[in-house]
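The values are calculated or read from the model by the stated rules, or taken from the named source; none is laboratory data. Keep in mind that what you see is a predicted model, and the values were worked out from it rather than measured. Counting neighbours? That spans all protein chains shown, and the Cβs are built from the backbone with ideal geometry, glycine included. With ligands, DNA and RNA removed, areas are computed over all heavy atoms of the protein, side chains included. Shrake-Rupley method; radii C 1.70, N 1.55, O 1.52, S 1.80 Å.
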Amino acid sequence: RRAIALLALQVASVGGVYETGQDVVVSMNKVWPFANPTETYRYYDLPFCQPTVVMPHFMGLGQVLRGDRLVNSLYTMKFRETVNRTVVCDKTLTAMELMSFKAAIDANYMFELFVGDLPIDRPFGVKSTGVDEASERYFLVNYLDFIVGYNDQDLVSANVTRDLNLEHLVDITEWKPGMTIQFSYSVHWASLPHISPSQALELQVKSTMPHGHQNMDIHWLAIINSFVLMLLILSLFLLIIIRVVRSDLSRYLQIPDEELNAVEEETGWKLLHADVFRPPKHRLFFCSAVGAGAQLFSMVVMIVLVGCVGAFYQRGAVASAAVVSYMVTAAIGGYASASLYQKLGGEKWAWNIFVTALMFVGPGFKIWAFLNTVAIFYGSTAAFPFPTILLMFAMWACVTFPLTVLGGIVGRHRAMKQGQGETPFPCKTNKLAREIPACRWYQSPATQMFATGFLPFSAIYIELHYIFNSVWGPRIYSLYGILLLAFAMLLLVAGTVTVLFTYFHLNAEDHRWWWRSFASGFAVALFFYAYCFYFFLQTGMTGFMQCAFFFMYSLLVAHGLALMLGAVSFYATYMFVVYIYSRIKAE
């Protein structure tokens, strides 16, 4: 019987072109409390009527990762054939089953189903409140009125019981022995020639979003705010770099060679030419963090650019794109890490590549393992199925890790060729480190951490609100062009502010700029994680599982943000330092 049912599902069309009378698959997906979007359960975990054999439908990797569990339903639908109100089953409820429905209605549970490949989200019950608890009434949706739109031979719209009234509801306030609920449905078709098949999914997803379309004025206000901030910071940068550094270089280069050693009482960054390229402490971990950040930066750029070409309206598309792009950009991370490690004179290159491969995945695996255990305990679909776990591990072991090793080998050999017979840096490094004088308060690491964290974060915090509403809410983010602009400004502000503070430190005769430049990314991550607490207080999230998922996955995102912005800030600073020290006459 299972084989016959599976064959029937394969024959039935899920999307694409339909013939009149052809089966249209109606798939039930999951249920969840409206305030806790991560706490998802299977549709049939609640005592709804279900088929004799519950068969899973095909799902992409991204759908499984976001907790989708599509299964067959009792609703029979044929293309362009009207179905009057038809009873699908009579469900006799026990007292415990009734209590589960009432508890779900109290928590504002939603359910999701698919007509073909068009998703529909609806509450499956309502609660009427009165002056006291005795007057409260619970109503369950027991009649689904499907209104399906078509354009020639394509499904272009699907809706279910948009306006609830008493004919769609049944009172379940009080349980009575032998209490039976009748579940029914109907199907009506509407010709919608103005909706093209290519726009169907986009319009369907937008119609399911609460609060209508996103307000573009707020997005542009955020972009203007970020742009003004960027102009102010860039103006300060140009003032310092062009008027100070250029004048220093010009004055320094005009000194004849024979008088160079006679120059006395020189102060500032020029005195550090023999120490500025001294390898940092723990260079293996430093280079691994830079490589992992470069990989994450490449991954984010790929996701945003793909989103600009065509928004991710397909459920789970963003998760799928993130997994694929992280795999294929592994070579970039290995190359960046091994190349830098070789330039800094590192010898444990194999360990360097291995740590690079685990720099983001290692903490991610620990967080996922804990949250997956919590989801299993709750019986939630947020727990990954075992085949998916094996697939993810195989993808990392067979694709991501080998590409990291390959990129690392190429980067190491390229750095060795470039460094043959000469130092990879403009200036040679003394064996003994120069003494570092005491710094003023505005040159302290704490001041730099605050400035390099607050200023870049202030450029994106408005857009971040919409991203959070998409990740932790029912909306789907679609304004990737705006996101690309905000992301570019974030990178420019982060890199420029870090370069400015590096110049201040070098002028204070402090050559420890490697880790400080990278720490700018961690500063932004701290502000990001602080914002997570603020956002959490604005939502109605409750329960250990939802809170654990929100804060633990936000911590993982903060870790990735620290690596990515740390790598960007470091490379901006690295190019600046190499530029100014390659133009002085220092030996």
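Assorted remarks:
- Rounded to the nearest 10 degrees, the inclination of helix 216-240 to the longest alpha-carbon principal axis of the chain is 10 degrees.
- Cysteines in the chain that, by Cβ-Cβ distance, have no pairing candidate under 4.7 Å: 287, 308, 398, 427, 439, 532, 547
- Å³ per residue enclosed by the Cα convex hull of region 359-473: 239 Å³
- For the chain, the solvent-accessible area of protein heavy atoms averages 48 Å² per residue (probe radius 1.4 Å; ligands and nucleic acids excluded).
- Packing-based order for 380-389, 452-461, 329-338, 405-414, using average beta carbon neighbours within 10 Å, highest first: 329-338, 452-461, 405-414, 380-389
- Each of 460, 294, 55 was placed along the dipole of the chain (beta-carbon charges, centred on the mean Cα), and the one lying farthest toward the positive end is 294.
- On Cα atoms only, tilt of 317-328 relative to the major axis of the chain in degrees: 40 degrees
- Heavy atoms of residue 121: accessible area, 1.4 Å probe, square angstrom to 10: 20 Å²
- Mean-position separation - Cα centroids, region 25-43 and region 354-413, in angstrom: 26 Å
- The angle separating the long axis of helix 401-418 from the principal Cα axis of greatest extent in the chain is about 20 degrees.
- The distance linking region 554-584 with region 167-197 is 57 Å (Cα centroid to Cα centroid, whole angstrom).
- The label-point distance for residue 351 and residue 135, in a model that sets each label 7 Å from Cα toward Cβ, rounds to 7.3 nm.
- Carbon plus sulfur fraction of accessible area for the chain, probe 1.4 Å, in percent: 63 percent
- Theoretical gain in end-to-end length, residue 174 to residue 420 [0.36 nm per residue, Cα-Cα removed]: 80.1 nm
- Reported value for region 303-369: 101 Å³ per residue, from the convex hull of its C-alpha atoms.
- Rolled with a 1.4 Å probe across the full set of protein chains, the surface gives residue 97 an accessible area near 50 Å².
- In percent, rounded to a whole number, the relative contact order of the chain is 17, using alpha-carbon pairs under 8 Å and six or more apart.
- Percent of C-alpha pairs per 5 Å bin in region 436-531, short distances first: 2, 13, 22, 19, 15, 10, 7, 5, 3, 2, 0.
- Largest accessible area first, the listed residues 137, 122, 69 line up as 137, 122, 69 when surface is computed with a 1.4 Å probe on the assembled protein chains.
- For residue 339, the accessible surface of its heavy atoms amounts to roughly 20 Å² (probe 1.4 Å, protein chains only, rounded to the nearest 10).
- When each of 91/206; 30/366; 348/431; 30/78; 127/366 is checked by Cα-Cα distance, pairs over 32 Å: 91/206; 127/366
- Centroid-to-centroid separation of region 454-495 and region 97-159 [C-alpha atoms, Å]: 33 Å
- Listed residues 403, 389, 438: farthest to the positive end of the dipole of region 385-447 (Cβ charges): 438
- Each residue, residue 467 and residue 395, gets one label point 7 Å from its Cα in the Cβ direction; the gap between the two is 2.0 nm.
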